[in-house]
Amino acid sequence: MKRLMGVVLAASLLFSQQAVVLAEQQKPAENLLPAPQETPTQRPSEIKAAIPNHPRQVLKHQGHFLVMDETGLMPGDSNLGCGLYRDDTRYLSEWDLSLNGETLTLLSANTEEGFAGRFVYGNKGPRQKPLDKLLPEQSIGVERNVVISNAMRERLVLTNYGVETQNLQFDIKYDSDFADMFEVRGQKRTSRGEYAEPLIDSDRNLVVLKYVGLDQVPMKTLISFSGAKPSSLTPHGAQFKLTMAPRSTVEIEAVVATKIGNEPDVPLWDAKEWSFAAQKSTVEAQYKQWRNAGASIETDNLDFNRLCERNFKDLFILRQPTPHGECLSAGIPWFTVAFGRDQAIAAHETLPLLPDMTREILSVLASYQGTRSDDVTEERPGRILHELRLGEMARCKEIPFRPYYGTVDATPLWLSMLGQYVQWSGDYEFARKLWPNVERALAYLDSETADYPYLVYGKKKGALSNQGWKDSVDSVLYSNGELARPPIALSEVQGYLYEAWHRTADLAKHLGYAQVSDRLNAKAEALQKRFQKDFWMPEAHFMAEALDGNGKQCDVVSSNPGHTMSSGINTEAQNLQLSDKIFHADMNSGWGVRTLSSAERAYNPLSYHDGSIWPHDNAIIIEGLCKVGRKREAGIISGGIFKAALSQPDYRLPELFCGFSRQYSDKPIWYPVSCSPQAWAAGSMFLMLESLLGLRADAPNNTLYVSNPTLPDYLNMVTIRHLRVGTDSVDLKFYRQGDATRCDVLGKAGKLQVVFK
């Protein structure tokens with residue numbers, strides 16, 4: 001279920017002719033005047049449903065994200081879902097630039113920083129004659145820099161590269177429809193809130209657009225310009241009359257801020273610290289501080305280094321505030337909100353490198369743990385949420401995602417993640433603090449498995465027909481192509497449950513709950529025995545994707561059982577046969593492992609889950625291959641994912657791509673509605689590398705194990721610095737020596753033992 005969330009470009013502009021200075025302070029609210037009658041407020045009669053598949057530029061930081069078209073702008077008449085978004089609300093639906101009434105031509109775009117972008121434009125030529133009396137084409141350059149901080153801030157620099165003085169009209173058009181994300185995605189509402197009359201500052205440098213939702217919560221968009229004032233300022237645009245001599249420049253700076261309810265105003269121009277330059281420096285410093293708190297990776301492959309930096313920046317910008325703390329949003333633009341499963345998997349992928357982020361994720365998910373039973377939201381006491389929406393439609397209960405709890409795997413994944421976090425951090429005090437949440441999660445799992453031998457979903461009809469990570473309607477099926485009949489027990493979910501019980505048993509033992517530990521180990525062992533028998537398909541030498549409500553196997557070869565190899569639930573013989581089948585050409589496309597074998601009747605390389613390739617899916621499979629001794633195959637598969645990343649212009653792995661083989665196309669084929677950036681895609685290469693290097697922490701015993709490290713073919717040297725285990729840290733260097741991979745300890749802080757296996 002994908003949600004299109006757009007993000008817009010909130011501009012910041014500073015006007016200067018040769019050298020005009022940043023100017024005036026924001027005026028107090030009492031000086032705001034209603035917009036004059038000659039510029040009546042116009043609001044769209046309906047919200048245009050966004051086309052999900054289109055080239056886009058995105059920027060994000062904290063609660064704001066911007067979705068632009070490929071030129072970096074947001075035309076008002078487009079249906080691309082462009083806008084500046086915050087908490088599922090589009091606060092800016094239009095931000096467009098023109099010069100002398102003509103749109104600009106994009107010459108260059110760079111959004112690699114993730115939270116800031118730079119765009120360069122030229123003017124278009126005249127449409128009328130005589131040409132010598134009009135503005136020559138490409139004689140005016142427009143450099144536009146944007147940063148997302150506590151608002152959207154933008155600086156534009158116009159330069160006259162011509163030989164004549166030019167009288168120019170530069171226009172910035174803007175608007176806000178305050179659309180809910182679900183409206184942008186196409187959901188119709190029977191009624192909406194009310195738009196208030198726009199207000200304009202008495203000195204004509206500030207516009208306030210306001211909307212009051214059906215829940216009576218007011219929302220505002222504040223648009224302000226600094227420097228010389230616009231010659232005209234209306235509720236829908238600012239106009240600048242400019243006279244520019246040859247080689248002269250003009251700077252314009254602007255800010256677009258958002259406000260909901262009674263929260264404090266965002267400073268606009270109160271001090272130099274709120275200028276574009278100062279705010280960009282602030283966000284850059286925040287990123288540097290965040291990165292320095294985690295481990296670093298450097299290799300001999302410059303492309304891989306660039307990919308790692310891209311992934312770190314994506315994880316940084318995907319952090320998202322919630323009323324209960326900072327989470328990691330799933331992906332832009334569809335899922336820029338908290339998800340339970342996505343966060344748990346992304347935390348698993350990045351734990352050794354970013355342990356503080358894992359701790360935050362565990363805390364936020366615990367704070368939203370279910371406390372009551374609700375059939376609409378599928379909340380149950382102890383259940384970990386699936387999805388949290390904070391927009392108007394969620395607040396008005398028009399949608400169930402407020403939050404929504406319909407996921408079969410988030411609860412065992414959260415338990416398993418807590419156990420892994422303690423193994424790396426040794427933070428038993430944190431675990432003890434969360435123990436009441438652990439007990440409630442265990443009680444929920446007990447209740448769900450009381451009447452069924454497995455953890456299942458579909459006992460009752462919910463908002464999502466499938467509640468595993470493959471949540472499309474046609475993702476769980478039989479070999480004849482028919483859809484599985486609920487309730488459904490997914491193979492990978494039983495692996496998650498097995499691992500959760502075992503890890504929590506170990507945690508309980510250390511916290512002094514011996515009886516709980518024994519009970520959980522016994523439950524895990526009983527589950528393991530049933531699973532190895534009921535899910536195994538002897539003729540296919542593979543695990544069934546799932547069992548249906550009658551215990552019948554969903555007898556397709558899919559990627560789901562690949563997740564079970566790392567959990568320990570299978571026999572050794574089963575793992576080896578799974579490995580062989582996964583590496584076969586019908587599953588391994590060369591770009592990565594497909595979600596469904598190309599030999600299956602339902603295989604479709606263009607589908608969402610029936611033949612596509614997901615980086616995070618491959619990362620978990622590679623983790624399993626490494627654990628069962630198939631590191632050569634793991635390295636080859638990871639090489640396909642790495643080459644897929646190199647095919648992207650920004651080295652950014654998308655959420656998924658189509659399942660065609662490398663013989664079919666010289667680069668992966670884009671999936672139409674893929675999120676990019678996306679959290680568990682950004683973390684996938686990290687898990688692949690950690691697995692190949694054989695890193696395993698035992699912080700309670702002050703030990704780091706390095707087991708059979710194996711560098712993939714595309715790397716000859718890897719250095720990891722400031723790898724934290726408990727309160728200590730270590731620097732490691734892995735390098736190739738003949739056919740073997742060696743590891744040297746470059747330095748340690750503390751008494752950590754490094755044990756090589």
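The values are calculated or read from the model by the stated rules, or taken from the named source; none is laboratory data. These numbers were taken from a predicted model, which means no experiment stands behind them. Note that each Cβ is placed from the backbone with ideal geometry, even for glycine, and that neighbours are counted across all protein chains shown. Accessible surface areas use protein heavy atoms only, side chains included; no ligands, DNA or RNA. Shrake-Rupley method; radii C 1.70, N 1.55, O 1.52, S 1.80 Å.
Restrict the check to the stretch 657-677 and report whether at least one residue is within 26 Å of Leu418 (Cα to Cα) and not hydroxyl-bearing (Ser, Thr, Tyr).
Yes: one or more hits.
Identify the single condition in (1) open to solvent by less than 10 Å² (accessible area, probe 1.4 Å); (2) of a type in the set (A, V, I, L, M); (3) farther than 17 Å from Pro668 by Cα that Ala602 does not satisfy, given that it satisfies every other one.
Against the list (1) open to solvent by less than 10 Å² (accessible area, probe 1.4 Å); (2) of a type in the set (A, V, I, L, M); (3) farther than 17 Å from Pro668 by Cα, Ala602 comes up short only on (1).
Report every pair of residues separated by at least 6 positions or lying on different chains whose Cβ atoms are under 7 Å apart, first residue within the stretch 301-313 and under 22 Å from Gly331 (Cα atoms), second open to solvent by 40 Å² or more (accessible area, probe 1.4 Å) and modelled with pLDDT under 95.
So the pair list comes out as Arg310/Asp650.
Only residues that are open to solvent by 30 Å² or more (accessible area, probe 1.4 Å) and not basic (Lys, Arg): list them for the stretch 630-647, please.
Answer for the stretch 630-647, where residues must be open to solvent by 30 Å² or more (accessible area, probe 1.4 Å) and not basic (Lys, Arg): Ile636, Leu646, Ser647.
Given Leu711, Leu732, Leu689, which one is farther than 30 Å from Asn53 by Cβ and either assigned to a strand (DSSP E or B) or in contact with a Cys (Cβ under 8 Å, 6 or more places away or on another chain) (or both)?
Leu732
For the list (1) touching a helix residue (DSSP H, G or I) at 6+ places or on another chain (Cβ under 7 Å); (2) free of Cβ contacts under 8 Å to residues at least 60 places away in the same chain; (3) not in a helix (DSSP H, G or I), I need the number of the one condition that Asp451 fails.
(1)
Within the stretch 655-665, is there a residue that is open to solvent by less than 30 Å² (accessible area, probe 1.4 Å), charged (D, E, K, R) and over 16 Å from Leu351 (Cα atoms)?
Yes, the stretch 655-665 contains at least one residue that is open to solvent by less than 30 Å² (accessible area, probe 1.4 Å), charged (D, E, K, R) and over 16 Å from Leu351 (Cα atoms).
State the number of residues belonging to the stretch 535-546 that are in contact (Cβ under 8 Å) with a residue 24 or more places away in the chain and open to solvent by 10 Å² or more (accessible area, probe 1.4 Å).
Here is the first cut: in the stretch 535-546, the residues in contact (Cβ under 8 Å) with a residue 24 or more places away in the chain are 535-536, 540-546.
From the residues that got through so far, the ones that are open to solvent by 10 Å² or more (accessible area, probe 1.4 Å) too are 536, 540-541.
The qualifying residues number 3.
Yes/no matrix, rows are residues, columns are (1) among the polar types (S, T, N, Q); (2) free of Cβ contacts under 8 Å to residues at least 60 places away in the same chain; (3) more than 30 Å from Arg291 (Cβ to Cβ); (4) surrounded by 20 or more Cβ atoms within 10 Å (Cβ to Cβ):
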| residue | (1), (2), (3), (4) |
| --- | --- |
| Leu84 | no, no, no, yes |
| Val120 | no, yes, no, no |
| Arg144 | no, no, no, yes |
| Gln169 | yes, no, yes, no |
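Test Ser665 against the stated conditions and say whether it is in contact (Cβ under 8 Å) with a residue 12 or more places away in the chain and either not assigned by the TED database to the domain that holds Trp614 or not in a strand (DSSP E or B) (or both).
no
Right, Tyr91: out of contact with any His (no Cβ under 8 Å at 6 or more places or on another chain), assigned by the TED database to the domain that holds Pro136, assigned to a strand (DSSP E or B) and at pLDDT 95 or above or not? Let's see the steps before the verdict.
Working: out of contact with any His (no Cβ under 8 Å at 6 or more places or on another chain): yes; assigned by the TED database to the domain that holds Pro136: yes; assigned to a strand (DSSP E or B): yes; at pLDDT 95 or above: yes.
The answer is yes for Tyr91.
Can you tell me which residue is farthest from Phe65 (Cα to Cα) among those in the stretch 293-347 that are assigned to a helix (DSSP H, G or I) and of a type in the set (D, E, K, R)? Give the derivation first.
Within the stretch 293-347, the subset assigned to a helix (DSSP H, G or I) is 302-317, 340-347.
Restricting the remaining residues to those that are of a type in the set (D, E, K, R) gives 303, 306, 309-310, 313-314, 341-342.
Details: Asp303: 27, Arg306: 23, Glu309: 20, Arg310: 17, Lys313: 14, Asp314: 12, Arg341: 22, Asp342: 19 Å.
Among those that are assigned to a helix (DSSP H, G or I) and of a type in the set (D, E, K, R), it is Asp303.
Checking the conditions here, which among Leu134, Leu199 is within 30 Å of His61 (Cα to Cα) and in the same structural domain as Asn262 (by the TED database)?
Details: Leu134 fails: within 30 Å of His61 (Cα to Cα).
It is Leu199.
Restricting attention to the stretch 468-489, report how many residues are open to solvent by less than 10 Å² (accessible area, probe 1.4 Å), farther than 17 Å from Asp534 by Cβ and assigned to a loop (DSSP other than H, G, I, E, B).
4
Take the residues of the stretch 171-209 that are aromatic (Phe, Trp, Tyr) and touching a Phe, Trp or Tyr at 6+ places or on another chain (Cβ under 7 Å): which is surrounded by the most Cβ atoms within 10 Å (Cβ to Cβ)? Don't jump to the end; show me each part of the working.
Applying the first criterion (aromatic (Phe, Trp, Tyr)) to the stretch 171-209 yields 174, 178, 182, 195.
With touching a Phe, Trp or Tyr at 6+ places or on another chain (Cβ under 7 Å) added as a condition, the list becomes 174, 178, 195.
Values: Tyr174: 27, Phe178: 25, Tyr195: 16.
Filtering the stretch 171-209 for residues that are aromatic (Phe, Trp, Tyr) and touching a Phe, Trp or Tyr at 6+ places or on another chain (Cβ under 7 Å), the one surrounded by the most Cβ atoms within 10 Å (Cβ to Cβ) comes out as Tyr174.
Pull up the stretch 490-536, narrow it to residues that are over 36 Å from the mean Cα position of the chain (by Cα) and not in a helix (DSSP H, G or I), then point me to the one that is farthest from Gly340 (Cα to Cα).
Ranking the candidates gives Gly512 first.
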